[in-house]
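Input: a single structure, listed below in structure tokens.
No value in this document is a laboratory result; all are computed from the given coordinates. Not measured: the values here are computed from a predicted model. Positions of Cβ are generated from backbone atoms using ideal geometry, with glycine treated the same way; all protein chains shown enter the neighbour counts.
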Amino acid sequence: MAETKKVIKLLGFDLSVSEVPVVEAGEQFIHYRLEDGTVLKVKNVATAVMRVDGQYLPDGTPIYLVVSNPVVSVVSSPLAKKEAEAAKKAN
């Protein structure tokens, strides 16, 4: 799929961008152990990547905007209800 040019509104300004298709992604979960004993898996999944047309950082690097959604999964928790744990083990 080719890049798609569009105009988006950002902070009240119209911004010309090129939506750049993602051809490969390697999304990994990050594990967090919380003070209450819960273990979470979290990753950020990019749903769109856009390059700002004609705009660059001082070193010449193009500017990209990434639209993403967090994915959170509870691996284990001492706060889980007993019925839910039993159903989880049965599956």
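Checking the stated criteria, Gly60 turns out not to satisfy the condition of being surrounded by fewer than 13 Cβ atoms within 10 Å (Cβ to Cβ), over 22 Å from the mean Cα position of the chain (by Cα) and assigned to a strand (DSSP E or B). For beta carbons closer than 6 Å, sequence separation of 6+ or different chains, a first residue in the range 22-47 that is outside any strand (DSSP E or B) and a second that is of a type in the set (D, E, K, R) and surrounded by 10 or more Cβ atoms within 10 Å (Cβ to Cβ), the qualifying pairs are Glu27/Lys43; Phe29/Lys41; Phe29/Lys43. Considering Val45, Val22, Val52, Val66, the condition of being within 30 Å of Lys89 (Cα to Cα) and out of contact with any helix residue (DSSP H, G or I) (no Cβ under 6 Å at 6 or more places or on another chain) is satisfied by Val45 alone.
Just to check your reading of the model, which residue among Val7, Val17, Val45 is out of contact with any Gly (no Cβ under 6 Å at 6 or more places or on another chain) and surrounded by 12 or more Cβ atoms within 10 Å (Cβ to Cβ)? Answer to the selection: Val17. Among the residues of the range 68-84, not a single one is surrounded by 12 or more Cβ atoms within 10 Å (Cβ to Cβ), outside any loop (DSSP other than H, G, I, E, B) and acidic (Asp, Glu).
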